[in-house]
Structure formats: structure tokens, C-alpha cells
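This is the structure I want to talk about, given as C-alpha cells.
The values are calculated or read from the model by the stated rules, or taken from the named source; none is laboratory data. The shown structure was predicted, so the numbers you read here are calculated from the model rather than taken from an experiment. Backbone-built Cβ (ideal geometry, glycine too); neighbour counts: all protein chains shown.
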């Protein structure tokens with residue numbers, strides 16, 4: 001069975017995910033709405049923050065203490081190329097109780113050994129890239145994950161949406177116009193640019209149904225939508 005997947009993002013009024021001030025406390029206060037069992041985050045998020053990680057020491061090789069009463073979510077990160085090397089730092093943060101690297105059959109064996117030595121769980125899903133549908137099924141089957149909150153940018157969001165894996169879209173719309181300062185959007189469709197210039201047709205829009213709209217402090221509007229899109233062909237990352 002697939003878990004329920006929620007995309008939670010903050011955007012400017014012109015649809016950018018950066019280039020404007022965000023109230024992070026407000027943003028993460030809303031996370032408890034879903035009582036997530038797992039956080040799915042893009043690898044680029046942690047690669048960009050790698051400079052914050054301290055050097056690894058021998059404590060990284062110690063098995064983690066398991067508390068059966070710990071209700072924090074687990075963190076899952078797609079990383080078929082084996083680029084994330086800051087798991088010791090992520091384990092030191094108070095947000096998650098466990099960690100899973102989503103890999104593929106093409107992930108270097110050296111990196112898989114690195115993960116095992118550091119007691120980071122591994123899910124192998126897909127051939128050359130991570131098959132997100134298979135990974136979601138495994139998260140449900142192996143860990144009992146029923147709710148996943150996605151904390152990512154447009155690429156991972158786009159892959160999840162294009163495969164029909166998303167159930168809910170949560171948007172905090174800020175009263176700002178990022179303009180040229182903002183680069184990213186919440187949804188980058190796989191093959192979007194090629195399809196847009198193809199004579200074979202345009203990309204089918206994803207239909208949404210408004211669930212709730214609420215005005216928060218700072219004139220921020222919180223919108224929640226149910227996804228009504230049909231399932232798309234499988235894509236991998």
C-alpha cells in the first residue's frame with residue numbers, strides 16, 4: 001500500500017520558492033498538522049547545507065539507540081548517486097528518529113558500505129535511479145509509514161506529482177513578489193521544456209480541489225488542495 005503524501009511549500013505571490021523572506025517558525029509549526037511518519041527530502045537540500053556539518057568522528061560508527069516510544073518521523077533521502085556524506089550531522093539533529101537512504105541498483109557499492117558502517121538503513125528501488133513508487137511501497141511495508149511529508153524543491157515535487165504519488169498540496173503564499181530574485185518553482189515537470197516545444201501536444205495540467213484556505217499572521221495565506229490528477233507514467237531520480 002502507498003502512504004499518503006503531502007507536499008508542503010512556501011511560495012511568493014508570483015510562485016517562487018526563494019528570493020523572499022520566509023517565517024520558518026510559522027512554516028514548521030504547521031508540520032504537526034499531518035503527524036507524519038516520514039519526511040522525504042531531496043538530496044540537493046542537504047548538499048547545499050554540507051558546509052554546516054562538522055567533521056565526522058568515531059561516534060558516527062556507533063549503532064543508534066532505539067526508543068520504541070519515539071514518535072518522531074524518519075528521514076528518507078533519494079540518493080542513487082551516493083552524494084550525501086553528512087548522515088552523522090543529520091543524526092545529531094533533533095527532528096528525526098531514524099534515517100533511510102533511498103538508493104538504486106546503480107548506487108556505488110562503496111557508498112552502500114559507507115551507509116551500512118554508519119547504521120543508515122537502505123532501500124534499493126529502481127535500476128539506474130530511485131524508483132519513487134517502489135520506495136514508497138517499501139517505506140509503508142518495512143516501517144509502517146502511512147503519512148509522508150515532502151520537504152523538497154521543484155524537481156522531486158515534480159517527479160512525485162507526475163507519477164500520481166501526491167495526495168495533498170499545502171502552500172503558504174507570502175505577500176511578496178520575488179521577481180528576478182526568485183529562481184525555483186514548486187513543480188518542475190519531467191521533460192517539461194521538451195514537451196512544451198513539441199508538436200505532439202502540451203503537458204496535461206494537474207487538477208486540484210481546494211480543501212481549505214486560511215489567513216495567517218503576516219498576511220500569509222495557507223492553501224490546502226487535494227490532488228485530482230490521473231496517474232502519470234513512472235519516472236525515476
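Does residue 104 meet the test of being crowded, with 20+ Cβ neighbours inside 10 Å and more than 18 Å from residue 39 (Cα to Cα)?
Considered against the rule, which asks whether it is crowded, with 20+ Cβ neighbours inside 10 Å and more than 18 Å from residue 39 (Cα to Cα), residue 104 comes out as yes.
Please name all residue pairs, on different chains or six or more residues apart, with Cβ atoms under 9 Å, provided the first residue is in segment 1-26 and is without any contact (Cβ under 8 Å) to a residue 12 or more places away in the chain and the second residue is surrounded by 15 or more Cβ atoms within 10 Å (Cβ to Cβ).
Once the first residue is without any contact (Cβ under 8 Å) to a residue 12 or more places away in the chain and sits in segment 1-26, its partners that are surrounded by 15 or more Cβ atoms within 10 Å (Cβ to Cβ) give 24/10.
I'd like to verify a number: residues in segment 100-133 that are more than 15 Å from residue 60 (Cβ to Cβ), part of a helix (DSSP H, G or I) and in contact with a strand residue (DSSP E or B) (Cβ under 8 Å, 6 or more places away or on another chain), how many?
Here the count works out to 2.
Quickly run through segment 192-205 and pick out the residues that are farther than 10 Å from residue 158 by Cβ and either at pLDDT 60 or above or not in a loop (DSSP other than H, G, I, E, B) (or both).
193, 194, 195, 196, 204, 205
Within segment 146-181, which residues are touching a helix residue (DSSP H, G or I) at 6+ places or on another chain (Cβ under 8 Å) and outside any strand (DSSP E or B)?
146, 152, 153, 155, 158, 159, 160, 163, 165, 166, 175
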